[in-house]
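Asks: Shown below is the structure under consideration.
The values are calculated or read from the model by the stated rules, or taken from the named source; none is laboratory data. As the structure is a computational prediction, the values presented were derived from the model and not from experiment. Here the Cβ positions follow ideal geometry from the backbone for every residue, glycine too, while neighbour counts run over all protein chains shown. Surface areas here come from the heavy atoms of the whole protein model, side chains and all, with no ligands, DNA or RNA. Shrake-Rupley method; radii C 1.70, N 1.55, O 1.52, S 1.80 Å.
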There are 4 protein chains.
Amino acid sequence: MKFFSDNTAAVHPRVWQAMHAADAPDSGYDGDALSRRLDEAFSTLFDTECVALWAATGTAANCLALSAMVPPHGGVVCHREAHIEVDEGGAPGFYTHGAKLMLADGDGARIDPAAIRAVIDPIRNDVHQVQPHAISITQATEYGRAYRPEEVAAIGSLARERGLGLHMDGARFANAVAFLGCRPGDVADRAGVDALTFGFVKNGGMSAEAMVFFDPSLADVARYRRKRAGHLQSKGRYLAAQLLAMLESDLWLENARAANAAALEIAAACADRLMHPVEANEIFVVLSPAEQDALRAQGFDFYDWPAPAGASGAARLVTAWNSHPAHVAALARAIAAL
Amino acid sequence: MKFFSDNTAAVHPRVWQAMHAADAPDSGYDGDALSRRLDEAFSTLFDTECVALWAATGTAANCLALSAMVPPHGGVVCHREAHIEVDEGGAPGFYTHGAKLMLADGDGARIDPAAIRAVIDPIRNDVHQVQPHAISITQATEYGRAYRPEEVAAIGSLARERGLGLHMDGARFANAVAFLGCRPGDVADRAGVDALTFGFVKNGGMSAEAMVFFDPSLADVARYRRKRAGHLQSKGRYLAAQLLAMLESDLWLENARAANAAALEIAAACADRLMHPVEANEIFVVLSPAEQDALRAQGFDFYDWPAPAGASGAARLVTAWNSHPAHVAALARAIAAL
Amino acid sequence: MKFFSDNTAAVHPRVWQAMHAADAPDSGYDGDALSRRLDEAFSTLFDTECVALWAATGTAANCLALSAMVPPHGGVVCHREAHIEVDEGGAPGFYTHGAKLMLADGDGARIDPAAIRAVIDPIRNDVHQVQPHAISITQATEYGRAYRPEEVAAIGSLARERGLGLHMDGARFANAVAFLGCRPGDVADRAGVDALTFGFVKNGGMSAEAMVFFDPSLADVARYRRKRAGHLQSKGRYLAAQLLAMLESDLWLENARAANAAALEIAAACADRLMHPVEANEIFVVLSPAEQDALRAQGFDFYDWPAPAGASGAARLVTAWNSHPAHVAALARAIAAL
Amino acid sequence: MKFFSDNTAAVHPRVWQAMHAADAPDSGYDGDALSRRLDEAFSTLFDTECVALWAATGTAANCLALSAMVPPHGGVVCHREAHIEVDEGGAPGFYTHGAKLMLADGDGARIDPAAIRAVIDPIRNDVHQVQPHAISITQATEYGRAYRPEEVAAIGSLARERGLGLHMDGARFANAVAFLGCRPGDVADRAGVDALTFGFVKNGGMSAEAMVFFDPSLADVARYRRKRAGHLQSKGRYLAAQLLAMLESDLWLENARAANAAALEIAAACADRLMHPVEANEIFVVLSPAEQDALRAQGFDFYDWPAPAGASGAARLVTAWNSHPAHVAALARAIAAL
């Protein structure tokens, strides 16, 4: 019973189906009929004109978007525990040609205007110090927290005021939207986001994420950079097929809701152990080493997590679109019984 | 009846099958059981210890390999019409951080020791000029020519003598081996190749190429660079599955033979029009604009190609593992009838 | 009697004097009074508003200018024998983060609109091929040829028409202007040049070249890039002093005229040996190995040069602002006597 | 009476003298007689074979050295307030092609093995996280503190143990050695330093710093990178002359002692205001805004500094090799009288 991560879950049957349907020959790269439907599909979803490009990984999508927004001599403000800082093997430095990540603080891997200002205001406006050019936030955050529309909008306002781009790492954008119950655009372009990495791999896809650009000039750059990074797959139709399958009949939302519901079921069983409110599909719980052992002995797999102050241990539990109800219920029972 | 390119052909049923079989959850990235079988599978194929890593595209595989062999201040000798020079959107410059491609000449996009020496011998051994650090050759070449084992070995000898790495872009390595009838290692490590991009996408795969490193220290670098480039997919097992399916029962060879046979059938029908000997699955033919129109009117699709001296037009015809026998026969007849 | 290069000649006494005068303490970097006078001094010289920044070397100045004009995924058209291609150790690749030099042909290291179009017109307008973003020409060229105002203007027109930036490597800009007898702006901004590297080191300076930007937005980028490249010297006033000393009383022009006159004196003595018309301070002459030996035996030093077709040898002779009249006369006599 | 910074002080007369003596023509770049004496001069100073290269700025010297030690996908541990992190405009990211600075804490901008381990031990040894490849320390630190030989050696031991390179930013190396009264090698190669940036510009030079490599293979790389960065000046003899003049008769040490003595004189007058022990030529003092105004009204210039907790203001005072004794005494009196 695996609660390691949503990023290895099986591919959804309807995604498989769409991929098979793409087997018929078509133009290469992103010239196929499916890839060419993406702009419209995402524009409909976001109620606004946008440009959508596929990429195989969230790391690539994040960094291609940033590279279109930030010059090599610039900087990007993000949370100290943002995925781009901690877990992308230096990809932002590669894609931006050495731009600097500027680290802000905040509970639950969230940042707000005050935290951003605390980073950028002390920067002297001279050539000796790297100047900020963009802000990147993660929705839902690395701790499973969701920014509310007004919270994103506040960051968006600050970004505009300071002439900064706003990027959103939405590896779990679907889970955040499912939790918030809002329209996707409420936490994206209508809140000032210029470029969104919209994740599908963790949510039932196989190998396709979307970069959604609300500013088409960014997409024009990203298109060249995607090829230059070796991310323009010749059989791109199989990636477009995944995205379209997920958008149809709101599969992306349905899957995210399923994962979130599973997380809430577990969270409800251990409310007193929660390190962060559960607003997506990740649960961070205080668990002593002995308790961890006990759960593992019952067949539950998950990651250790650094213990918070005063605790002897902690763990991260992640649910997925296909978390088995019986496994979820079993884990909830087991953790409640500790 | 499409003879545009092999790079958009459908995925082979046994590859699909293997991908479905990978649906069961496993570790992420390349920690899954399938990815961990790659070294052994390729070592068996090449009769020597090697390290194999998947990547989604040939561009990525080529450039990751080069970036492990060449410092940013170095150079790579390749043919003037090599894919890395002409068709990768500047990816070598991105991955190597600005290393220089040094262009050699040769018929059929082939280079030989004399052509390489003509490029590197005039380079002054001082800091004002970029020094060569590697050679890259394409097997089969961009014009569908196959290097014989002794030809690769001659380049390999020169590389060793001058302290240069040797990279092979094997986007159509399978087609070359099928044509040569040799063991894969005869034109790879036994001929001095340090790193091989072994192509599967054009040959029945969907989204997985292999980087095969005969020098494990290169693989150690490439592993970090792959993640840094956003090419370490979290559901990597679906890529490994493709490669393993192709290696099993020599599907890679069987598919390449089918594509080559189709190309030979067409070539036989237009021997007097051939611009290059057909040694893989590409056919370059002199075709006047009117002849091109005539073929297209009969339903055949293909790329225009720059006309050779004295001709009014030319075309590139590419067959694939699944070129339909009836289409191939029809094209052969049509072209013979011109 | 050294005719190797102008790039090692002594520093002009008035430059020394100005440097000493800068010894008084002042603000660091480019905040000193001298550095702050540069914009005005160059604006006066060019009869138009421009921004001028110092840099220690021509390589740095060229590449900083290019890096402000060309994105990492773009390309720069230049002559196949341009200094940026041949003799800057890959600096353009470093500064532009991997942009591609696109090589054009032309006699005397000169390019013209036809040669440029021959390079850029075949480039497919798609992401698989690097797109041109700028043109770089050298004034005077690497073979001592000077572009006429209308020749620069023709390139400038093409640049504007195609949306390309125009950079001029003016390592010997002074010599070209001295030869042409025009106003500096006639072969710079009035001819469509966006950024000029104006050389002073070869012309009596010690360690300061100027980047002159006719588009101030390029200067804004270059300023950050200069610091980022470690080229913002803390005692920048000693560099500004050199440039201002050279501009005062047209010392730059006086020195260039002296060097040109010396070159013409030598050229007149060997008109039948000239490989290129002498339009600056470089003389390329056919000289057999025996003749070279004879000259060297008389105490003349110079570089060998690749022999043109049909000749057994050649040499490059370079005069400088301080070439000793007796040495020049002696060389003219010696070469005439061969 | 300027106490802003040592980096704008006048050039020492014996440095001027040596530069004038270099006016005679010689080979270009670093082929001249002076540049070729550097290895020996520095080897004598450090009692060991080493390779020394000039560069115009500390930023360039630091970053060229780092770029020879750290691959683009690697990291460098340094103090959170290190010059390379705070004041080089992102140059480390440029020169290393995007490597990551990993920030350690410590009083007085000093780091020790425990602080370094606190940074590197939590890094997972996998491709998702950037791996450290070097450590960089500043001697004297950005707060004017000097590492003792045994402190450097402890860091050197850790570096060797973990396979990391050790770089020392010695912009004020002379001041540190003058304070410590040790041999230069005691805090350099004998303590495990692989590459040292030895500063001369702040200490009486004009435009030359030295990169001293105790591992010659690093110098081989740096040599190419220096040209590639446009830092190989053609009249390099004027830079070599500065370095040799400073080494002769221990001018470097004499100048540093003078600056240090001036700093101590001021420090003695305000011992109760010192934020850091004075071990070089920088004095950080608590000074209320009113006190700052009072000093400025008397003609003293200096930088504001962020106030420490509980104080309303602070300032940085820097002395130089040529700080006027009367000015120093006056400042000491004035600050004591506050």
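Asks: So, of the residues in the stretch A:213-231 that are in a loop (DSSP other than H, G, I, E, B) and open to solvent by 10 Å² or more (accessible area, probe 1.4 Å), which turns out to be nearest to the other protein chains (Cβ to nearest Cβ)?
Replies: Taking the candidates together, the pick is A:215.
Asks: Among the residues of the stretch D:68-78, which ones are open to solvent by less than 10 Å² (accessible area, probe 1.4 Å) and either part of a helix (DSSP H, G or I) or touching an Asp or Glu at 6+ places or on another chain (Cβ under 9 Å) (or both)?
Replies: Passing the criteria: only D:78.
Asks: Open to solvent by less than 30 Å² (accessible area, probe 1.4 Å), in the same structural domain as residue C:59 (by TED's automatic domain parsing) and under 15 Å from the mean Cα position of the chain (by Cα), is that true of residue C:139?
Replies: Yes.
Asks: Next up: Going through the stretch D:5-15 one residue at a time, which ones are within 7 Å of chain C (Cβ to nearest Cβ) and part of a helix (DSSP H, G or I)?
Replies: D:7, D:8
Asks: From the list B:257, B:228, B:183, B:172, which residue is among the charged types (D, E, K, R) and outside the structural domain of residue B:17 (by TED's automatic domain parsing)?
Replies: B:257
Asks: Only one of C:114, C:65 is open to solvent by 10 Å² or more (accessible area, probe 1.4 Å) and of a type outside the set (Lys, Arg). Can you tell me which?
Replies: When all the criteria are applied, what remains is C:114.
Yes/no per residue for (1) under 19 Å from the mean Cα position of the chain (by Cα); (2) more than 7 Å from every other protein chain (Cβ to nearest Cβ); (3) of a type in the set (Gly, Ala, Ser); (4) not in a loop (DSSP other than H, G, I, E, B):
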| site | (1), (2), (3), (4) |
| --- | --- |
| C:19 | no, yes, no, yes |
| C:23 | no, no, no, no |
| C:40 | no, yes, no, yes |
| C:60 | yes, no, yes, yes |
| C:92 | yes, yes, no, yes |
| C:101 | yes, yes, no, yes |
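Asks: Does at least one position in the stretch B:117-129 carry a residue that is within 16 Å of the chain's Cα centre (by Cα), more than 8 Å from every other protein chain (Cβ to nearest Cβ), polar (S, T, N, Q) and part of a loop (DSSP other than H, G, I, E, B)? Quick ask: steps written out before the conclusion?
Replies: First, pick out the residues of the stretch B:117-129 that are within 16 Å of the chain's Cα centre (by Cα): none.
No, the conditions are met nowhere in the stretch B:117-129.
Asks: Taking the conditions exactly as written (polar (S, T, N, Q) and either within 21 Å of residue C:126 (Cα to Cα) or more than 23 Å from the chain's Cα centre (by Cα) (or both)), does residue A:249 satisfy them or not?
Replies: When the stated conditions are applied, residue A:249 does not pass them.
Asks: Here is a list of conditions, (1) in contact with a strand residue (DSSP E or B) (Cβ under 6 Å, 6 or more places away or on another chain); (2) in the same structural domain as residue B:135 (by TED's automatic domain parsing); (3) farther than 30 Å from residue A:318 by Cα, and residue B:38 meets all of them except one; can you say which number that is?
Replies: (3)
Asks: Here's something else I'd like to know. Being more than 14 Å from chain A (Cβ to nearest Cβ), part of a helix (DSSP H, G or I) and within 30 Å of residue B:60 (Cβ to Cβ) is the requirement here; does residue B:245 meet it?
Replies: Details: more than 14 Å from chain A (Cβ to nearest Cβ): yes; part of a helix (DSSP H, G or I): yes; within 30 Å of residue B:60 (Cβ to Cβ): yes.
Spelling it out, residue B:245 is indeed more than 14 Å from chain A (Cβ to nearest Cβ), part of a helix (DSSP H, G or I) and within 30 Å of residue B:60 (Cβ to Cβ).
Asks: Where the second residue is among the polar types (S, T, N, Q) and surrounded by fewer than 12 Cβ atoms within 10 Å (Cβ to Cβ) and the first is closer than 22 Å to residue B:175 by Cα and lies in the stretch B:276-305, which pairs have Cβ atoms under 8 Å and are six or more apart or on separate chains?
Replies: Within 8 Å, no pair qualifies.
Asks: In the stretch B:306-329, how many residues are closer than 24 Å to residue A:28 by Cβ, open to solvent by 20 Å² or more (accessible area, probe 1.4 Å) and in contact (Cβ under 8 Å) with a residue 60 or more places away in the chain? Full working, then the answer.
Replies: Initially, the stretch B:306-329 is screened for residues closer than 24 Å to residue A:28 by Cβ, giving B:306-307, B:313-328.
Retained after the next criterion (residues that are open to solvent by 20 Å² or more (accessible area, probe 1.4 Å)): B:306-307, B:316, B:321-327.
Imposing the further condition that a residue be in contact (Cβ under 8 Å) with a residue 60 or more places away in the chain reduces the set to B:321-325, B:327.
Counting residues in the stretch B:306-329 that are closer than 24 Å to residue A:28 by Cβ, open to solvent by 20 Å² or more (accessible area, probe 1.4 Å) and in contact (Cβ under 8 Å) with a residue 60 or more places away in the chain gives 6.
Asks: Say whether the condition of being under 30 Å from residue A:218 (Cβ atoms) and among the hydroxyl-bearing types (Ser, Thr, Tyr) is met by at least one residue in the stretch C:48-57.
Replies: no
Asks: Something else now. Can you run down the residue pairs with Cβ atoms below 7 Å, 6 or more apart or on separate chains, where the first is in the stretch D:205-223 and closer than 18 Å to residue D:191 by Cβ and the partner is open to solvent by 10 Å² or more (accessible area, probe 1.4 Å) and in a helix (DSSP H, G or I)?
Replies: Going by the 7 Å Cβ cut-off, the qualifying pairs are D:214/D:189; D:218/D:68; D:218/D:69.
Asks: Tell me, which residue of the stretch C:79-89 that is open to solvent by less than 20 Å² (accessible area, probe 1.4 Å) and assigned to a loop (DSSP other than H, G, I, E, B) is farthest from the other protein chains (Cβ to nearest Cβ)?
Replies: My answer is C:82.
Asks: Quick one: is residue D:202 among the basic types (Lys, Arg), within 30 Å of residue D:150 (Cα to Cα), crowded, with 24+ Cβ neighbours inside 10 Å and touching a residue at least 24 places away in the same chain (Cβ under 8 Å)?
Replies: yes
Asks: Hey, another quick one. If we keep just the residues of the stretch C:28-60 that are in contact with a helix residue (DSSP H, G or I) (Cβ under 7 Å, 6 or more places away or on another chain), under 18 Å from residue C:230 (Cα atoms) and polar (S, T, N, Q), which is surrounded by the fewest Cβ atoms within 10 Å (Cβ to Cβ)?
Replies: C:35
Asks: Taking residue A:2 as meeting all but one of (1) more than 7 Å from chain B (Cβ to nearest Cβ); (2) open to solvent by 20 Å² or more (accessible area, probe 1.4 Å); (3) under 30 Å from residue A:326 (Cα atoms), write down the number of the exception.
Replies: (1)
Asks: Of the residues D:317, D:264, D:232, which is modelled with pLDDT of 95 or more and touching a Lys or Arg at 6+ places or on another chain (Cβ under 9 Å)?
Replies: Selected residue: D:232, the only one of D:317, D:264, D:232 that is modelled with pLDDT of 95 or more and touching a Lys or Arg at 6+ places or on another chain (Cβ under 9 Å).
Asks: What residue, of A:108, A:144, is small (Gly, Ala, Ser), in contact with a Ser or Thr (Cβ under 7 Å, 6 or more places away or on another chain) and modelled with pLDDT of 95 or more? Let's see the steps before the verdict.
Replies: Values: A:144 fails: in contact with a Ser or Thr (Cβ under 7 Å, 6 or more places away or on another chain).
When all the criteria are applied, what remains is A:108.
Asks: Let me ask another. List pairs: first residue in the stretch C:231-242 and within 12 Å of residue C:37 (Cα to Cα), second residue open to solvent by 10 Å² or more (accessible area, probe 1.4 Å) and in a loop (DSSP other than H, G, I, E, B) anywhere in the structure, Cβ distance under 6 angstrom, at least six positions apart or on different chains.
Replies: Pairs found: C:237/C:26; C:237/C:34; C:240/C:34; C:241/C:34.
Asks: Which condition number does residue B:47 fail, the rest of (1) at the interface with another protein chain (Cβ under 8 Å from one of its Cβ atoms); (2) on the phi > 0 side of the Ramachandran plot; (3) of a type outside the set (Ser, Thr, Tyr) being met?
Replies: Going through (1) at the interface with another protein chain (Cβ under 8 Å from one of its Cβ atoms); (2) on the phi > 0 side of the Ramachandran plot; (3) of a type outside the set (Ser, Thr, Tyr) one by one, residue B:47 breaks only (1).
Asks: Output yes when any residue across the stretch A:144-154 is surrounded by 23 or more Cβ atoms within 10 Å (Cβ to Cβ), part of a loop (DSSP other than H, G, I, E, B) and of a type in the set (Ser, Thr, Tyr), and no when none is.
Replies: The answer is yes, given that some residue of the stretch A:144-154 is surrounded by 23 or more Cβ atoms within 10 Å (Cβ to Cβ), part of a loop (DSSP other than H, G, I, E, B) and of a type in the set (Ser, Thr, Tyr).
Asks: So, of the residues in the stretch A:161-192 that are small (Gly, Ala, Ser) and not in a helix (DSSP H, G or I), which turns out to be surrounded by the most Cβ atoms within 10 Å (Cβ to Cβ)?
Replies: The qualifying residue surrounded by the most Cβ atoms within 10 Å (Cβ to Cβ) is A:188.
Asks: Can you tell me which residue among A:264, A:247, A:274 is in the same structural domain as residue A:31 (by TED's automatic domain parsing) and open to solvent by 10 Å² or more (accessible area, probe 1.4 Å)?
Replies: A:247
Asks: When residue B:106 is evaluated against the numbered criteria (1) under 23 Å from residue B:175 (Cβ atoms); (2) at the interface with another protein chain (Cβ under 8 Å from one of its Cβ atoms); (3) open to solvent by 10 Å² or more (accessible area, probe 1.4 Å), which criterion, by number, is the only one it fails?
Replies: Among (1) under 23 Å from residue B:175 (Cβ atoms); (2) at the interface with another protein chain (Cβ under 8 Å from one of its Cβ atoms); (3) open to solvent by 10 Å² or more (accessible area, probe 1.4 Å), the lone unmet condition for residue B:106 is (2).
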